[in-house]
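Enquirer: Below is a structure I'd like to ask you about.
Throughout, read-outs are computed from the coordinates displayed, never taken from laboratory work. Every value quoted in this text rests on a predicted model; they were computed, and no experiment measured them. Please note: Cβ atoms are built from the backbone with ideal geometry, for glycine as well, and neighbour counts cover all protein chains shown.
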Amino acid sequence: MLPIGDDNSDRTLTPVVNYLLILVNVLVFVFFQGLGSNERFTYAFSTVPEEIVTGRDVAEQVTIKDPVSGNVAGTVQLEPTPIPVYLTLITSMFMHGGIAHIFGNMLYLWIFGDNVENTLGHLRYLIFYLVCGVLAGLSHVFSTVAFGGNPYLPSLGASGAISGVLAGYLVLFPSRRVRVIVFRTIQEVTAIWAIGIWFVFQLISGFGILGGGSQAGGVAYAAHIGGFIAGVILIKLFAAGRPTYRTA
């Protein structure tokens, strides 16, 4: 089920923050990450759980093992981080691992972010997005340490922050119609189905592999789950005092 659009008929604000977030993500991926080819930049500004836990920058070659089989999958050369390591919880959410990664994230942000920004307003939406992203990153760090994952394996991507946006959308607009592609056909379903099924998949995938580490197949499911839970908890707080929103 792939979302391709939703009902924006009641939108009153131009979602400038959402547009800027998408633009910054794309610019960072193209010009700083070199479409994913600039590994020195990517590994310098990604979140490394070991660095967050210890507060110490790690710049060394790390062996990566498959969390299920235990076989060596390759090595990663961690680069010196020229900023305080805790700030990588923010910088990492503006980087991506490949074209498919950034396309999927920006598609979800484009469809669902504008409605949440319309409800929260520009500044509150920006803060909400960043807070959800940071809490998602901390969720990944916690699960890596708690479940014996590789603490030197870097993580990056906007998925955690966008998970928070999806959660906010689901709480605010559970009955809103979302256009999705299902088995090569375009259908309309309610947000509770479009986003709910996505979250159930994150839970199944995440808890299926957390026993062997918090990341498998290149996906940090703990960050997705953590960002989503943060969004559910925080959205009403950020929406307090804002004009009444339409839920259908």
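Enquirer: If you take the square roots of the eigenvalues of the alpha-carbon gyration tensor of segment 87-140 and sort them as a ≥ b ≥ c, do you get rounded (a/c under 1.5), prolate (a/b over b/c) or oblate?
Expert: Verdict is oblate for segment 87-140.
Enquirer: Could you tell me what fraction of 2.2 N^0.38 Å the Cα radius of gyration of segment 1-123 comes to, as a two-decimal ratio?
Expert: Against the empirical 2.2 N^0.38 Å value, I get 1.29 for segment 1-123.
Enquirer: Of Leu138, Ser9, Tyr43, which is farthest along the charge dipole of segment 2-239 in the positive direction, counting Lys and Arg as +1 and Asp and Glu as -1 at C-beta?
Expert: Of Leu138, Ser9, Tyr43, it is Ser9.
Enquirer: What size of dipole, in debye to the nearest 20, comes out for the chain about its Cα centre when the only charges are +1 on Lys and Arg C-beta atoms and -1 on Asp and Glu C-beta atoms? Could you put the intermediate results ahead of the total?
Expert: Details: 12 positive and 13 negative charges, 130 e Å.
Dipole about the Cα centre, nearest 20: 620 debye.
Enquirer: Could you give the size of the charge dipole of segment 1-62 about its Cα centre, using +1 on the Cβ of each K and R and -1 on the Cβ of each D and E, expressed in debye and rounded to the nearest 20?
Expert: Around 180 debye, computed over segment 1-62.
Enquirer: While we're looking at this one, here's another question. Using only DSSP helix segments of four residues or longer, with each worth -39500 (n - 2.57), what per-residue ellipticity at 222 nm results for the chain after dividing by its residue count and rounding to 500?
Expert: Values: 9 runs with 128 residues, N = 248.
Computed mean residue ellipticity for the chain: -16500 deg cm²/dmol.
Enquirer: May I pose another question? Enter the angle in degrees (range 0 to 90, nearest 10) between the Cα long axis of helix 122-146 and the first principal axis of the Cα atoms of the chain, meaning the one along which they spread out most.
Expert: Tilt of helix 122-146: around 40 degrees.
Enquirer: State the extension gain, in nm to one decimal, for the chain segment bounded by Asn71 and Arg40, taking 0.36 nm per residue of separation less the distance between their alpha-carbons.
Expert: Values: separation 31, 0.36 × 31 = 11.16 nm, distance 2.50 nm.
Between Asn71 and Arg40, full extension yields an extra 8.7 nm.
Enquirer: Related question: Hey, with R₀ at 41 Å, roughly what FRET efficiency would Ile4 and Ile64 work out to, going by the Cβ-Cβ distance, to 0.05?
Expert: 0.75
Enquirer: May I pose another question? Can you tell me the 0 to 90 degree angle between the C-alpha axis of helix 159-172 and the longest principal axis of the chain, rounded to 10?
Expert: Roughly 20 degrees, rounded to the nearest 10.
Enquirer: To the nearest whole percent, what portion of all C-alpha pairs in the chain is separated by more than 24 angstrom? Working shown, then result.
Expert: On the way: 13989 of 30628 pairs.
Of all Cα-Cα distances in the chain, 46 percent exceed 24 Å.
Enquirer: OK, next. By counting other Cβ atoms within 10 Å of each Cβ, how are Thr119, Thr63, Thr47 ranked from fewest to most?
Expert: Working: Thr119 25, Thr63 12, Thr47 31.
Sorted ascending by nearby Cβ count, the order is Thr63, Thr119, Thr47.
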